[in-house]
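In what follows, a structure is listed as structure tokens, so that the remarks can point back to it.
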Amino acid sequence: MDKELNDLIIDKNCTVKQAIKRLDDTAKKILFVANDGKAEGTITDGDVRRWILKNGSLDADVTNIMNTNFLYALHDEEEKIQEIFSGGIIFAIPILDVDYKIIDIKFVERVVNSVKKECAQLNAKVVIMAGGKGTRLYPYTQILPKPLIPIGEKTILEHILSRFNNYGCVDFFLTLNYKKGMIKSYLEDIESPYNFSYIEESDFYGTAGSLSLLRGKLTETFFVTNCDILIDARYDEIIAHHKANKNQITLVTSLTTYTIPYGVVITKDEGEVCALSEKPEYSFQINTGVYVLEPEVLEDIPSNVFFHITDLIEIYLEQGKKVGTFPIRSGQWLDMGDLHLMEDMIEKIDRIDN
């Protein structure tokens, strides 16, 4: 069995945490669970997300999240393989021998096209927060505004637009301030199916202050995204999850694990050592900078003052208003907030897109 195939097969005794890491490493969006080589189930991003939303333990074994009702084909069933793929929903199936052991995995030629057939085409409007100075990306942003920094062959802004457009979004509102003329000129020169509206700040209003300028312009559920991140997720599922849970605000979060690179000493009274923990791991849901908001939220943002979206979330939590999350894997979140992260994004983006 070659390494690529082996990487997509995970033993049923592995933990959810190990499955998440394997999904990040392979970037294939699916794993196949096996017991002594025999296929027993599949694991996708959706399975992981549902487990996280249930506050399931990441140390539980993968049998808790795997889908046991999966499609497969035997090695000589080429017509069945094509029939499964023709439905446009399944993008990968295991090929089994007569003992139901996995001998190969077939992928549809273009996963992106498969997803487009399956997903709902949204008509949601998108607000892109593009007014910041991007000081963490100096000296690049002393010349170019952050949205126009190239990531591969396209600017980060064009990557963001393209991802939303894959799900039918065409109406974009850009909040502008720093080097706003350069951004507007660039967008006016590119050929695209997008409709742009510009919200120009008279001062720097933070990550939510400029949203107050959109009152009356947005009357349905909408996205808000920072201009320095990309997420590899199903935007239609994010909206559906937000509405199904009747959230006022939904944060797209990244499940991220940090390892303390030292042995941690646990003490009790008067400094007596009671335990040692060697390089412990801790998992957190990190705010990615992508949100879904209801239009009435705009009424709660003060006008013409510096105000972060996290300030609004804190107020809502105190008031008991519903704020939810849509968790994704850390490998599905690309951030270019500083030079190191930008270089990492450039390296990863081709792998995710292809």
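Being surrounded by fewer than 13 Cβ atoms within 10 Å (Cβ to Cβ), acidic (Asp, Glu) and in contact (Cβ under 8 Å) with a residue 12 or more places away in the chain, is that true of even one residue in segment 218-225? Give the derivation first.
Going through segment 218-225, the residues surrounded by fewer than 13 Cβ atoms within 10 Å (Cβ to Cβ) turn out to be 219-220.
Filter again for acidic (Asp, Glu), leaving 220.
Add one more test, that the residue is in contact (Cβ under 8 Å) with a residue 12 or more places away in the chain, and what stays is 220.
Yes, some residue in segment 218-225 is surrounded by fewer than 13 Cβ atoms within 10 Å (Cβ to Cβ), acidic (Asp, Glu) and in contact (Cβ under 8 Å) with a residue 12 or more places away in the chain.
Identify, from the list Thr310, Thr325, the residue that is modelled with pLDDT of 95 or more and either under 18 Å from Val127 (Cβ atoms) or surrounded by 15 or more Cβ atoms within 10 Å (Cβ to Cβ) (or both).
Answer to the selection: Thr325.
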Residue check for Leu255: open to solvent by less than 60 Å² (accessible area, probe 1.4 Å), at pLDDT 90 or above and part of a loop (DSSP other than H, G, I, E, B): no
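Would you check if Ile143 is at pLDDT below 90, loosely packed, with under 15 Cβ neighbours inside 10 Å and β-branched (Val, Ile, Thr)? Lay out the reasoning, then the answer.
Numbers: at pLDDT below 90: yes; loosely packed, with under 15 Cβ neighbours inside 10 Å: yes; β-branched (Val, Ile, Thr): yes.
The answer is yes for Ile143.
Of these, Tyr262, Tyr178, which one is without any contact (Cβ under 8 Å) to a residue 40 or more places away in the chain, open to solvent by 10 Å² or more (accessible area, probe 1.4 Å) and among the hydroxyl-bearing types (Ser, Thr, Tyr)? First the steps, then the outcome.
Working: Tyr178 fails: without any contact (Cβ under 8 Å) to a residue 40 or more places away in the chain.
The conditions single out Tyr262.
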Looking at this structure, is Phe284 under 25 Å from the mean Cα position of the chain (by Cα) and within 25 Å of Tyr178 (Cα to Cα)? no
Taking the condition of being surrounded by 19 or more Cβ atoms within 10 Å (Cβ to Cβ) and not hydrophobic (A, V, I, L, M, F, W, C), how many residues in segment 45-71 meet it? 3
Which residues, counting only those in segment 202-217, are surrounded by 21 or more Cβ atoms within 10 Å (Cβ to Cβ) and at pLDDT 90 or above? Leu211
At pLDDT below 90, buried (at least 19 other Cβ atoms within 10 Å of the Cβ) and outside any helix (DSSP H, G or I): does that describe Ile89? no
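Mind checking which residues of segment 265-287 are more than 18 Å from Asp59 (Cα to Cα) and surrounded by fewer than 12 Cβ atoms within 10 Å (Cβ to Cβ)? So that I can check it myself, show each step before the final result.
From segment 265-287, those more than 18 Å from Asp59 (Cα to Cα) are 265-276, 286-287; that's our starting set.
Hits for segment 265-287 are Val265, Ile266, Thr267, Lys268, Asp269, Glu270, Gly271, Glu272, Val273, Cys274, Ala275, Leu276.
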Being at pLDDT below 90 and either of a type in the set (Lys, Arg) or under 13 Å from the mean Cα position of the chain (by Cα) (or both) is true for just one of Gly331, Gly337. Which residue is that? Gly331
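The values are calculated or read from the model by the stated rules, or taken from the named source; none is laboratory data. Please read all numbers here as calculations on a predicted model, not as lab measurements. Neighbour counts run over all protein chains shown; Cβ positions are idealised from the backbone, glycine included. The accessibility values were calculated without ligands, DNA or RNA, using every heavy atom of the protein model including side chains. Shrake-Rupley method; radii C 1.70, N 1.55, O 1.52, S 1.80 Å.
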